[in-house]
Amino acid sequence: MNDALGEPQSVLVLGGTSEIALETVMALPRNRIRRVVLAGRPSTARDEAVAALTSAGILGVTAVDFDARNTTDHAAFVNEIFDAGDIDVTLLAFGILGNQDEAEADADLAVDIATTNYTGAVSVGLRVAQRLKKQGHGSLVVFSSVAGDRARRSNFIYGSTKAGLDAFAQGLGDALHGSGAHVLVVRPGMVRTKMSAGLKEAPMTTDANVVAAIVVGALRKGKETVYAPGPLRYVMAGLKSLPRPIFRKLPS
């Protein structure tokens, strides 16, 4: 559980190669952390992530196999992680952007995006929440997106999965209220990562380390939702209020 100074000692990263999640781990007090579990499919990137965190002086970094789409294994996976010791912070950070045009043309691709981003998140998220409630403490950080605030023509398949994830995470936070466990919903705008490489930058595009600092600050304050960067809250409020005919005319 959190140490005497209120800092987390153990972190589970669901999506162990997520650049934003890894920056978040780095932004936590490194000398307080005693266990980090990077969960994801085996890859060179996962191995490099373990090495990078270890080189940064973070103790107890390990990697375990996890597939968001393989929901039948999620119960056993979560129980194994929590049976080995309490988890103070869980970062639910997996997801795929996909290609909108290709997914519109091939429904199987759209289903794969939805299965990973939403169904997989619901499956593992509920199971993590059950264990957090049982242990009586801990935070689940769910990385949503401003794309879920109002889906655009250019990315409505991805945006719809984030809209569903966001609603799920908000409700899950309400369900855990009073249990000692806590859900933080993070809504980043465009972030410079490998996922966004090659895409035209949107206004207020930021970097992964900036998002990480916002997440750590929000955890310390016990916030339930946060935009990254913060002013996006007002931008999205304006966009959500636009009449649909006008919204359709906005640049993609």
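Read-outs: derived from the displayed coordinates by stated rules, not from any lab. Not measured: the values here are computed from a predicted model. Quick reminder, even Gly has a Cβ in these numbers, built from the backbone with ideal geometry, and neighbours come from all protein chains shown.
Take Asp88, Asp207, Asp83 and order them by how many other Cβ atoms sit within 10 Å, fewest up front.
Working: Asp88 25, Asp207 14, Asp83 8.
Taking fewest neighbouring Cβ atoms as first place, the list is Asp83, Asp207, Asp88.
Whole Å is fine, so just give me how far the alpha carbon centre of region 43-81 lies from that of region 159-185.
Each part reduced to its Cα centre gives a spacing of 23 Å.
Tally Lys/Arg at +1 and Asp/Glu at -1 over every other residue whose Cβ is under 12 Å from the Cβ of Ser123; what's the total? Spell out each step's value before the answer.
Working: positive: Arg69, Arg127; negative: Asp67, Asp73.
For residues surrounding Ser123, the net value is 0.
For Cα pairs less than 8 Å apart in space and 6+ apart in sequence, what is the mean separation divided by the residue count of the chain, i.e. the relative contact order in percent? Can you show the working numbers first?
On the way: 440 pairs, mean separation 45.0, N = 252.
RCO, the chain: 18 percent.
Tally the DSSP beta bridges in the chain and give the antiparallel ones as a percent, rounded to 5. Walk me through the numbers before you get to the answer.
On the way: 0 of 30 bridges.
The antiparallel fraction comes to roughly 0 percent.
Based solely on its DSSP helices, what 222 nm [θ] is calculated for the chain when runs of n ≥ 4 H residues each add -39,500 (n - 2.57) and the sum is averaged over all residues, nearest 500 deg cm²/dmol? Walk me through the numbers on the way to the answer.
Values: 10 runs with 111 residues, N = 252.
Taking each H run of at least 4 residues, the total per residue is -13500 deg cm²/dmol.
For the Cα atoms of the chain, what angle does the longest principal axis make with the long axis of helix 232-241, in degrees from 0 to 90, nearest 10?
With both axes taken from Cα atoms, the answer is about 40 degrees.
Please report, in Å, the Rg and the Dmax of region 106-148, where both are computed over Cα atoms only.
Cα only, region 106-148: 13.4, 44 Å (Rg, Dmax).
Give, rounded to the nearest 20 debye, the magnitude of the charge dipole that the chain has about its Cα centre when Lys and Arg contribute +1 at Cβ and Asp and Glu contribute -1 at Cβ.
Values: 27 positive and 25 negative charges, 195 e Å.
In debye, rounded to 20, the chain gives about 940.
Could you point to the residue in Ala151, Leu28, Val78 farthest towards the positive end of the chain's charge dipole, with +1 and -1 charges on the Cβ of Lys/Arg and Asp/Glu respectively?
The one lying farthest along the dipole's positive direction is Ala151.
For Val146, what charge total do you get from the other residues with a beta carbon under 12 Å from its beta carbon, if Lys and Arg give +1 and Asp and Glu give -1?
Working: positive: Arg150, Arg152, Lys162, Arg187, Arg233, Lys240; negative: Asp149, Asp166.
For residues surrounding Val146, the net value is +4.
Please report the base-10 log of the normalised intensity I(q)/I(0) for region 205-252, using a Debye sum with one equal scatterer per alpha carbon and no solvent, at each q in 0.23, 0.30 (1/Å).
These q points yield log10 I(q)/I(0) values of -0.85, -1.08.
What percentage of all Cα-Cα pairs in region 1-69 are separated by more than 13 Å? Present the calculation step by step, with values, prior to reporting the outcome.
Numbers: 1385 of 2346 pairs.
Result for the distance tail: 59 percent.
Rank the residues Phe168, Phe143 as a footprinting-exposure proxy: fewest other Cβ atoms within 10 Å of their Cβ go first. Write down the numbers at each step before the final one.
Values: Phe168 19, Phe143 28.
Placing the least packed residue first, the sequence is Phe168, Phe143.
By how many degrees, 0 to 90 and rounded to 10, does the Cα axis of helix 74-83 deviate from the longest principal axis of the chain?
40 degrees
May I ask for the angle, rounded to the nearest 10°, between helix 208-221 and the longest principal axis of the chain, with both axes built from Cα atoms and the value confined to 0 to 90°?
Taking Cα atoms only, the helix is inclined about 60 degrees.
In cubic angstrom, how much convex hull volume per residue do the alpha carbon atoms of region 1-135 span?
Working: hull volume 14.1 nm³, N = 135.
Dividing the Cα hull volume of region 1-135 by its residues yields 105 Å³.
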